[in-house]
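What follows is a set of notes on a single structure, which appears directly below.
The values are calculated or read from the model by the stated rules, or taken from the named source; none is laboratory data. Values in this document were obtained by computation on a predicted structure and should not be read as measured data. Here the Cβ positions follow ideal geometry from the backbone for every residue, glycine too, while neighbour counts run over all protein chains shown.
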Amino acid sequence: MSSNNTIIGLATGAALGAVTALLFAPDSGKNTRKKIKVKVKDTKDDLTERASKISDEITSKFNSQKAEFSKEIDGLVNDMSLKADDVIVTLEKKLEMLRKRNEKINAN
């Protein structure tokens, strides 16, 4: 966000410099006020456009990161599911082994 602050600072500085130049330039008050009004409008429009671009970039990056995060979560869930299946299979084998031991003990 530091570069965004720099851009806003530069635009504001340029606008203030232009206004200052207009105030000291030899022209009638009416023309000077008109020039200032135009310059302020142009600067406002420029800042609005830049803010919109920044907002679009942030939204785009957020959506990209969200999609990437979602893929990683899906992969983790899939891995955990496979590991859970492995644990179940192992426990079923051990249970079967214990049943056979129990049958042998009960048979004697």
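Points to keep in mind about this one:
- Sole residue being out of contact with any strand residue (DSSP E or B) (no Cβ under 8 Å at 6 or more places or on another chain), among the hydroxyl-bearing types (S, T, Y), at pLDDT 75 or above and closer than 27 Å to K53 by Cβ, chosen from T6, T20: T6
- For region 28-53, taking the residues that are of a type in the set (G, A, S) and either modelled with pLDDT of 80 or more or in contact with a Phe, Trp or Tyr (Cβ under 9 Å, 6 or more places away or on another chain) (or both), the one that is surrounded by the fewest Cβ atoms within 10 Å (Cβ to Cβ) is identified as S52.
- Check on I105, part of a helix (DSSP H, G or I) and surrounded by 10 or more Cβ atoms within 10 Å (Cβ to Cβ): no
- Checking each residue in region 19-41 for being in a helix (DSSP H, G or I) and either of a type in the set (S, T, Y) or in contact (Cβ under 8 Å) with a residue 24 or more places away in the chain (or both) picks out T20, T32, K39, V40.
- Residue pairs meeting the criteria (Cβ under 7 Å; at least 6 apart or on separate chains; first on the phi < 0 side of the Ramachandran plot, in region 1-15; second among the hydroxyl-bearing types (S, T, Y)): A11/T43; A15/T43
- Test: residue in region 48-69 that is within 24 Å of S2 (Cβ to Cβ), in a helix (DSSP H, G or I), within 20 Å of the chain's Cα centre (by Cα) and in contact (Cβ under 8 Å) with a residue 24 or more places away in the chain: yes
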